[in-house]
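Quick note: the coordinates plus some simple rules give every number you see, no bench work behind them. The structure presented is a predicted model; accordingly, all values stated were derived computationally and were not measured. Because the Cβ atoms are built from the backbone with ideal geometry, glycine has one as well, and the counts that use them run over all protein chains shown.
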Amino acid sequence: MLTLYYSPGSASMVVHLAMLELDLAHELRLVDFDSRAQKDPEYLRLNPNGVVPTLIIDGAPVYECAALLLLLGERHADKGLAPVAGAADRGLYLQWVLHLANTVQPAFRQWFYPTDFGPDDQADAMREYARRRIEAAWDRLDAHLAAHGPFMLGARFSLLDLYATMLMRWSRNMPKPADRWPAINVLAQRIKARPSWKRVYEVEGLTEWA
């Protein structure tokens, strides 16, 4: 049994989706951001960064959503949702997972929390810089999908598609949401039609961008 510490619609969403796609027995424990439960000493003992997700695997906490995605795909390679070591598309898979983790997701943090990156009076400039970074990432992703889609690995659905679509959802209230890019929109619609997406919305109580 896996235990996921989560907050609705946050970075834990992709781990929740992955566990559903892999059909893994799990339980959920809500981390209430409104009461700042992520900063509670008890939670910080599990995840000293004070963020979600944290996944309890074999009795030990593991965190960072990209790491958890890679780990789950590796541990359940028989499900075929992540290329195994030596597979022809393994490099492409790792490339995009790490691009999303290292480039796109941090830019969203700057968009949502600009004062973490500079003085309060520079918040608008910080958000504008983040917007440009995110839209440039969508340009690259859309070009990749247009040439090699409909999924990130071509004809093959993988856990990577869940990660990309979670980040697309985060852009829903930005000046130019991700689904304005045509090839990205094709992928988004495919993922949003999957039972796992619908189940996460039901369980986490999500409504926007359904």
Subject >> Tally of Lys pairs whose C-alpha atoms are under 26 Å apart, taken over the chain, 8 or more apart or cross-chain >> reply: 4
**OP:** Multiply the residue gap between His144 and Asp58 by 0.36 nm, knock off their C-alpha separation, and tell me the result in nm, one decimal place.
**Re:** 27.3 nm
Original post:
With labels modelled as points extended 7 Å from the Cα through the Cβ direction, what inter-label distance (nm, one decimal) is found for Arg172 paired with Glu202?
Top reply: 1.8 nm
**OP:** Using per-residue counts of other Cβ atoms within 10 Å, averaged over each peptide, order 76-86, 100-110 from highest down.
**Re:** 100-110, 76-86
**OP:** Note down the nm distance, to one decimal, between modelled labels 7 Å out along Cα→Cβ at His99 and at Glu27.
**Re:** 4.0 nm
**OP:** Divide by every residue of the chain the summed helix terms, -39500 (n - 2.57) for each DSSP H run of at least 4, and state the resulting mean residue ellipticity at 222 nm, rounded to the nearest 500 deg cm²/dmol.
**Re:** -15000 deg cm²/dmol
**OP:** Pairs of Cα atoms under 8 Å, at least six residues apart: use those to get the relative contact order of region 1-159, whole percent.
**Re:** 17 percent
Original post:
Order of 15-24, 137-146, 36-45 by packing, highest average Cβ count within 10 Å first?
Top reply: 15-24, 137-146, 36-45
Original post:
How much of the DSSP beta bridge set in the chain is antiparallel, as a percent to the nearest 5?
Top reply: 65 percent
